[in-house]
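Structure, as structure tokens:
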Amino acid sequence: MFDRKKYKSFARIQLKKRRTVPVLMTLVTALIVLLLSLPSIKTSIAIYTEILQAALASTNQDEILRIIQKYRKTAPLESFLSWIVFFVTAICTIAQYCVYLKMSRSPEPVSFGDFFTGFAHWLRAIGAALWRRLWTYLWTFVFFIPGIVKAIAYSQTDYIVAEFPHVPVTQALDISKKITRGYKADLFVLHLSFFGWYLLCVLTFGVASLWVVPYQMMTYINAYHALMKRALETGVVTLEDIGDSNGERYGKQ
């Protein structure tokens, strides 16, 4: 049932002649995150530079510890900025998913305004990101592998949050666990199938991501639709669970 080649093929078709908005969304999100991350990046570079210089000059260990201690004073600010980046990324991600969901359901053009409309879900986006991170971390503390497995199980939460505004965040995570049951390995392989594209992004210093990220996100959206449709057909999830009692999105079951 899980056909990653089909999801990728659909993604290319869905993006054909409609790449402008996805590319702009990717660019804007990347620039916002980069700007917010600059203070942390500058501090990290400064720390490693000073430590390297001290090491090359055969400085004693006390001097290196002094350098580290000096930059520890900026830790609270770094922590605050990291949380800001986390929240902003979560909001922008949900806003993008709103656009990709729209593109997946209609061949009609989308506008950049659709991206901004998605920001209306900012509170749910933050709630979903925090709730998912909490449970992923708890499982990771148990052991690394269970953490990865659970991260995949929770991977559909954002799509559900974006598509069904009336579904509580906690319920969205539970639904994600249900629809990924039996397909975690398939989703893992789907992510791995983009490894070559990730490498291309690195080699082009991120420029290729303007094309790769939309392709990747659209593919994941198609996989999500297939998982949700299958779950509804088998009764694993009901239309009432997703607040779609009329079957407007996935048809009456």
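The values are calculated or read from the model by the stated rules, or taken from the named source; none is laboratory data. Note that the structure is a prediction, hence the values are computed from the model and not measured. Note: ideal-geometry Cβ built from the backbone for every residue, glycine included; neighbour counts use all protein chains shown. Accessible surface areas use protein heavy atoms only, side chains included; no ligands, DNA or RNA. Shrake-Rupley method; radii C 1.70, N 1.55, O 1.52, S 1.80 Å.
A search for C-beta distances below 8 Å between a residue of the range 1-27 that is touching a residue at least 24 places away in the same chain (Cβ under 8 Å) and any residue that is among the basic types (Lys, Arg) and in a helix (DSSP H, G or I), counting only pairs 6+ apart in sequence or on different chains, returns Met1/Arg230.
Scanning the range 1-25 for residues that are hydroxyl-bearing (Ser, Thr, Tyr) and surrounded by 16 or more Cβ atoms within 10 Å (Cβ to Cβ) turns up just one, Tyr7. Which members of the range 208-251 meet the condition of being acidic (Asp, Glu) and open to solvent by 30 Å² or more (accessible area, probe 1.4 Å)? Within the range 208-251, Glu233, Glu240, Asp241, Glu248 qualify. Exactly one residue out of Leu77, Leu81, Leu34 is at pLDDT 70 or above, open to solvent by 50 Å² or more (accessible area, probe 1.4 Å) and part of a helix (DSSP H, G or I): that is Leu34.
Here the range 100-110 is the region considered, the condition is being assigned to a helix (DSSP H, G or I) and open to solvent by 30 Å² or more (accessible area, probe 1.4 Å), and the residue that is nearest to Phe86 (Cα to Cα) is Lys102. Within the range 86-96, no residue satisfies the criterion of being open to solvent by less than 30 Å² (accessible area, probe 1.4 Å) and of a type in the set (Phe, Trp, Tyr). The single residue among Ala125, Ala153 that is of a type in the set (A, V, I, L, M, F, W, C) and either farther than 20 Å from Leu27 by Cα or over 16 Å from the mean Cα position of the chain (by Cα) (or both) turns out to be Ala153. A single entry from Gly118, Gly127, Gly113 fulfils the requirement of being closer than 20 Å to Gln216 by Cα and either open to solvent by 60 Å² or more (accessible area, probe 1.4 Å) or in a helix (DSSP H, G or I) (or both): Gly118. Within this structure, Ile175 fails the test of being at negative phi, out of contact with any Asp or Glu (no Cβ under 9 Å at 6 or more places or on another chain) and of a type in the set (A, V, I, L, M). Restricting attention to the range 167-202, the residues that are closer than 15 Å to Ala125 by Cβ and outside any helix (DSSP H, G or I) add up to 2.
The set of residues in the range 143-153 being touching a helix residue (DSSP H, G or I) at 6+ places or on another chain (Cβ under 9 Å) and surrounded by fewer than 22 Cβ atoms within 10 Å (Cβ to Cβ) consists of Pro146, Gly147, Ile148, Val149, Lys150, Ala151, Ile152. In the range 98-114, the residues that are closer than 11 Å to Val21 by Cα and in contact (Cβ under 8 Å) with a residue 24 or more places away in the chain reach residues that are among the charged types (D, E, K, R) and not in a helix (DSSP H, G or I) with C-beta atoms within less than 7 angstrom, at least six apart or across chains, in these pairs: Met103/Arg18; Pro109/Arg18; Val110/Arg18.
Remark: Asp158 matches the filter, which requires a residue to be under 26 Å from Ala30 (Cβ atoms) and either part of a loop (DSSP other than H, G, I, E, B) or of a type in the set (D, E, K, R) (or both). Out of curiosity, is Phe205 open to solvent by 30 Å² or more (accessible area, probe 1.4 Å) and part of a loop (DSSP other than H, G, I, E, B)? Yes, satisfied.
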